[in-house]
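What follows is a set of notes on a single structure, which appears directly below.
The values are calculated or read from the model by the stated rules, or taken from the named source; none is laboratory data. Every value quoted in this text rests on a predicted model; they were computed, and no experiment measured them. Note: ideal-geometry Cβ built from the backbone for every residue, glycine included; neighbour counts use all protein chains shown. The protein model used for the area step is the full one, side chains on, heavy atoms only, and it has no ligands, DNA or RNA in it. Shrake-Rupley method; radii C 1.70, N 1.55, O 1.52, S 1.80 Å.
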Amino acid sequence: DAADARIIDILNHITGEIAHVFKRAHKEAQLRRDAVRDAATGLPNRTMFEAQLNLAFAAARDALRPGPSLIVIEFEGFKRIRDMAGFQATDVLLAEVTQRINCLVDEFGAADRLLLHYAHSIMFARIGGDDFAISIDGPDRENLSAEIAEAIHHNLRAHEGNRQGSPHISASIGVAHDDGSYAMPEELLRDADFAMYQAQTLGTQQTVIFDQLMRTNNQALAGVVTALQDAIRLHQFELYYQPIYTLANHHLGGVEALGGWRRTDGTLTLPDDFIGIAEDHGLIGEIGSQALRMACKTIGALSSTMPEVYRPFV
């Protein structure tokens, strides 16, 4: 009758509203997961990794103990695969490799390892591009990080023969241990990243552990980079001109401009001591532009006063 039909309509409406609420809740949950997960690998992304690292670091400081160890990994070979086979094939291989490493990391956190080297928590994350990181928090984190690094190298070597005709995938690994001296977890991540770059300079399948000497060198390098930035701003670079003569007729054929960095204290730094650093840190372009402007200004001034000598350079 009409009453039953009315009740059915109400129930259908309520069911539809409930379904809509659940659908919206599911979508919101999916958006929250997407915000902290890497789409290609399903691993935690940098946002989630840094949030968890901050929590672990704070807990360690509250307990008056050292914080976690960090492993930073850069996989080598994916760029060549992108060039050869495209992004889709690279994403498939990337997912396969990271899934293997993720399973490997999970094994190191398994309960049946508690009588061996163990940690309270381990997280494997993709922090950008071909860069990945593992945080290890626990009483035996240093030994465990060494085991995990070696296991990653072994895993990649063991699967090398399974990809006939494809570039070899290897890893450069940097490790940093919190010794209680770090003020922020970002500093620990920075040092692990620096150790990874050092591993890259040694060749493939290398692991480097950040130590006090590297910290000293890193601080010195940071000081030089900052000083170079100031030198660009203050126009502290100078040019010295070396004449080039033709021996047959002693004709002045040109000059070679040699650059120098006149520091604030008056000392002169030669190019060999700063050009490489400037190139590595993206400063060489501005230094070169300043040198070119100085050279052009000098040639213009000389050609106006001694045109018969400097006409070839104008």
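The set of residues from segment 178-200 being among the hydrophobic types (A, V, I, L, M, F, W, C) and surrounded by fewer than 14 Cβ atoms within 10 Å (Cβ to Cβ) comprises 183, 184.
Given the criteria at negative phi and either under 19 Å from the mean Cα position of the chain (by Cα) or among the small types (Gly, Ala, Ser) (or both), does residue 155 qualify? The answer is no for residue 155.
Just one of the listed residues (133, 125, 95) is closer than 18 Å to residue 45 by Cα, open to solvent by less than 60 Å² (accessible area, probe 1.4 Å), out of contact with any strand residue (DSSP E or B) (no Cβ under 8 Å at 6 or more places or on another chain) and at pLDDT 85 or above, namely 95.
Of the residues making up segment 57-89, those that are under 18 Å from residue 127 (Cβ atoms), in a helix (DSSP H, G or I) and touching a helix residue (DSSP H, G or I) at 6+ places or on another chain (Cβ under 8 Å) number 2. All told, residue 113 meets the bar of being out of contact with any Gly (no Cβ under 8 Å at 6 or more places or on another chain) and either modelled with pLDDT under 85 or loosely packed, with under 15 Cβ neighbours inside 10 Å (or both). Annotation note: of 70, 64, 53, 43, the sole residue that is at pLDDT 85 or above and open to solvent by 50 Å² or more (accessible area, probe 1.4 Å) is 64.
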